[in-house]
Structures are given as structure tokens and as C-alpha cells.
Amino acid sequence: MPEVLWKLPFPSSGLSGVDFQQLAGRSCSLSCVDGESTPVRIVFDGVEAFRCTYHNACTVEMIETYDRLSDLGRTEWLNSVRRQLASFGEDVEALRHLMIYFDDGPCYEFICRGFRVEG
């Protein structure tokens, strides 16, 4: 079962959107604004891979991470990325598979080394 690492402080059903950005240095961010609260930005560091799945393409597993950043543990995708990186001698111990689903999608997933919340 996914481990919840952080919860969105307001319902994503009230968001005007989620802004995804690729940042310098293998980082990505998701910025969320609900119009009433302080904007929240989740920054993912040490990103090796990411993907985004929309609406009806989302699985039940994805929907279960509704408004919650979750660590999925050792998934097939994480293991695949770890094997690939290890074949080049890279340190893969800190890699995690993180996921968050927003109202009606999208669902964002990251293979990364860490995250932080700003705002």
C-alpha cells in the first residue's frame, strides 16, 4: 500500500489548474493554486523519469493517491529505472516512485531522489 508523504492543504477540486515545470538540475515542480489559499509548489529533486496520465486513462491505483503525494515503494517502473542506472554505475539507493492524483486527473509520477514543499 502506498505511503502518504504529504497531503494537499486544500481540495484539488477547487484548483484552477496544476502547472508542471521542468527545472534546471534534474528537478521538476508542480504548482497548485486554489484562488483562496497561498500557492503551493511541490519540487521533485534528482528526477530520473516522470510521466503524466490524464482522466480516463488513470487507474484505480492512481486515483487512490487523490490529493496525496504517495511513495509507491518498489514498483516495476522503479526497478526498471534502477537497473538501467545501475548498469552505468550510478547510485540508485535513494530513488523513489512518487505519485499524486489531482481531481479528474492528471496523475503525476516521478522517479526521483526527494521532494520538498514550498509555500
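The table below lists the values:
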| item | result |
| --- | --- |
| Residues satisfying the stated conditions in the range 7-28, i.e. assigned to a strand (DSSP E or B), open to solvent by 50 Å² or more (accessible area, probe 1.4 Å) and in contact (Cβ under 8 Å) with a residue 24 or more places away in the chain | K7, F20 |
| Residue match in the range 54-63 (condition: assigned to a loop (DSSP other than H, G, I, E, B) and in contact with a Leu (Cβ under 8 Å, 6 or more places away or on another chain)) | no |
| Residue check for T75: touching a residue at least 24 places away in the same chain (Cβ under 8 Å) and not aliphatic (A, V, I, L, M) | no |
| Wholly within the range 74-119, strands (runs of 3 or more DSSP E) carrying at least 3 residues that are in contact with a Leu (Cβ under 7 Å, 6 or more places away or on another chain) and crowded, with 18+ Cβ neighbours inside 10 Å | 96-101, 107-112 |
| Residue check for S31: in contact with an Asp or Glu (Cβ under 8 Å, 6 or more places away or on another chain) and of a type in the set (S, T, N, Q) | yes |
| Matching residues in the range 64-73 - criterion: being among the charged types (D, E, K, R) and assigned to a loop (DSSP other than H, G, I, E, B) | E64, D67 |
| Qualifying residue in the range 29-45 (condition: over 22 Å from R113 (Cβ atoms), in contact (Cβ under 8 Å) with a residue 40 or more places away in the chain, touching a Cys at 6+ places or on another chain (Cβ under 9 Å) and outside any helix (DSSP H, G or I)) | yes |
| Options D71, D67; residue that is modelled with pLDDT of 95 or more, surrounded by 13 or more Cβ atoms within 10 Å (Cβ to Cβ), out of contact with any Ser or Thr (no Cβ under 8 Å at 6 or more places or on another chain) and within 14 Å of V4 (Cβ to Cβ) | D71 |
| Failed item in (1) over 15 Å from P106 (Cα atoms); (2) open to solvent by 40 Å² or more (accessible area, probe 1.4 Å); (3) within 11 Å of the chain's Cα centre (by Cα), with C52 passing the rest | (1) |
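The values are calculated or read from the model by the stated rules, or taken from the named source; none is laboratory data. What you are looking at is a predicted structure, and each value in this text was computed from that prediction instead of being measured. So basically every Cβ, Gly included, is an ideal-geometry build from the backbone, and we count neighbours across all protein chains shown. Areas reflect the complete protein model, heavy atoms only, side chains present, ligands, DNA and RNA absent. Shrake-Rupley method; radii C 1.70, N 1.55, O 1.52, S 1.80 Å.
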